[in-house]
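Below is one structure, written out as structure tokens; comments come after it.
The values are calculated or read from the model by the stated rules, or taken from the named source; none is laboratory data. For clarity, every value in this text was computed on a predicted model and none was experimentally measured. As a convention, Cβ positions derive from the backbone with ideal geometry for all residues, glycine included, and neighbour counts pool all protein chains shown.
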Amino acid sequence: MLRVDIEKQLGEFSLSAAFASEGRVIGLFGASGAGKTSLVNMIAGLLRPDRGTIVIDGETVDDSVAGIHVPTWRRRIGYVFQDARLFPHLNVAQNLDYGRRMNRLAPDPAQHKRVIELLDIGALQGRRPGKLSGGERQRVALGRALLSRPRLLLLDEPLGALDEGRKLEILPYLVRLRDEANVPMVYVSHDAAELRQLATQIVMLKHGRVTSFGGVKVLT
Amino acid sequence: MLDISPAEWTAILLSLRVAVIATLVATPFGIALAWLLARREFWGKSVLDALVHLPLVLPPVVTGYLLLLTFGRRGLVGGFLADHLGIVFAFRWTGAALACGLMAFPLLVRPMRLSIEAIDRRLEQAAETLGATPFKVFFTVTLPLALPGVLAGMVLGFAKAIGEFGATITFVSNIPGETQTISSAIYSLIQTPDGDAAAGRLVIVSIVLALGALIAAEWFARRATARLHGN
């Protein structure tokens, strides 16, 4: 599903990571500053590795030797950021529809309905992002990413900006997403408890290096 | 109310036409340049930035004279345009529009640039992850979010263009009905005995137009903040 073998120098910080996973949810675990976000940005194509390869679903999207770097907009990934990043000038319905329009996909009312029910965002459709709570924003961001029909979903600390109560509100949706949406995910977190609930495989990062890789038991 | 004579109306309408055309033609260039200065790093950026601001600090008579040298009938560009495309700037209202557009350009670009700089680049990245090419990102995210700034720039540019005097009179002279704008009409009137009343009326029109533009620009700036916060 996902194969990563990259090196990247970012100022003083050097990131060097290699792993291959067929897991449904790859948990990327590490303290802040371990290089998790940089690694996810490279998978998304927002950062270009200095050396190495990234393969998503059999397609090589980065290969420094062959000079391949598929731009972000052609990678067909979904990315849920910690800060949601909904488009402030569009309402919820328009935000949700953005990826479909950009990828020129035919409307799929059945999928649309399924995602909206899965995330419970039907009642928010006409609202602007400024009028949503943090948890609602994050659910809309999830829906927006899913509706662009990605082959891989990247979630970078999607609960990081929420308080404990809100986290507990969103977690069940993520579990449902994992079990029902059928999209492989890379889930970034510094919270072991969160990953134990969600991930099927763990990549542990420390100071820009992979220190362990395996099932969720590596978290203990 | 003001008892505006037909000759004064001619100057007012010409000023409006010159300023509208100057603003509309300058806007696409202004947006492109604002984006370039806000979002790209390239060699010679500071030189380009200085060039854009040059009309603001150069004596207007110098700008007008340079326009005459370049776009006059015997000028390098002006001669070519007149011979091959039949476009003449010298001593025509089109020349007035060119001079006004150039003089207004720095004021037009600035709010556009500031509003593009204020847009969170991470929103543009989010659009890319959703499959938008850089071209689509610009038209679906950057430009809509910068729209109030773009409009504010247009209004300020328009206000500057409608009052421009020095470069215009140097380049296209002061011909009633062809190149005599409000400013050059006031200039003529205050040199004429008994012209005070007419000059006074045009002065009031100028003040009303300028104030209106400033209020409109301020209103657009407020809209920009509301837009960026998604309310």
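Details
- Flag for B:S173 being touching a Phe, Trp or Tyr at 6+ places or on another chain (Cβ under 6 Å), modelled with pLDDT under 95 and away from chain A (no Cβ under 14 Å): yes
- Among the residues here, A:G214 does not qualify as more than 24 Å from A:A141 (Cα to Cα) and modelled with pLDDT of 90 or more.
- Sub-8 Å Cβ pairs linking a first residue in the stretch B:188-215 that is among the β-branched types (V, I, T) to a second residue that is surrounded by fewer than 13 Cβ atoms within 10 Å (Cβ to Cβ), at least 6 apart or interchain, are B:I190/B:D196; B:I204/B:L2; B:V205/B:L2, ordered by first then second residue.
- Screening A:E136 with (1) without any contact (Cβ under 8 Å) to a residue 24 or more places away in the chain; (2) among the charged types (D, E, K, R); (3) under 30 Å from A:A18 (Cα atoms) gives one miss only, at (3).
- Of the helices (runs of 4 or more DSSP H) lying entirely inside the stretch B:49-148, those containing at least 2 residues that are out of contact with any Phe, Trp or Tyr (no Cβ under 7 Å at 6 or more places or on another chain) and more than 14 Å from every other protein chain (Cβ to nearest Cβ) are B:60-71, B:76-80, B:93-117.
- Here A:L90 clears all of (1) in a loop (DSSP other than H, G, I, E, B); (2) of a type outside the set (D, E); (3) on the phi > 0 side of the Ramachandran plot except the condition numbered (3).
- Selection from the stretch B:43-93 of residues that are more than 26 Å from B:Q180 (Cβ to Cβ), modelled with pLDDT under 90 and β-branched (V, I, T): none
- Here A:I116, A:I56, A:I77 are screened, and the one residue that is more than 18 Å from the chain's Cα centre (by Cα) and either at pLDDT below 95 or within 14 Å of chain B (Cβ to nearest Cβ) (or both) is A:I116.
- Taking the conditions (1) closer than 18 Å to B:A7 by Cα; (2) crowded, with 18+ Cβ neighbours inside 10 Å; (3) of a type outside the set (K, R) in turn, B:F138 satisfies each one other than (1).
- The single condition among (1) under 19 Å from A:G23 (Cβ atoms); (2) charged (D, E, K, R); (3) in contact with a Phe, Trp or Tyr (Cβ under 7 Å, 6 or more places away or on another chain) that A:D179 does not meet is (3).
- Subset of the stretch A:49-71 (residues that are without any contact (Cβ under 8 Å) to a residue 24 or more places away in the chain and farther than 15 Å from A:V186 by Cβ): A:G58, A:E59, A:T60, A:D63, A:S64, A:V65, A:A66, A:G67, A:I68
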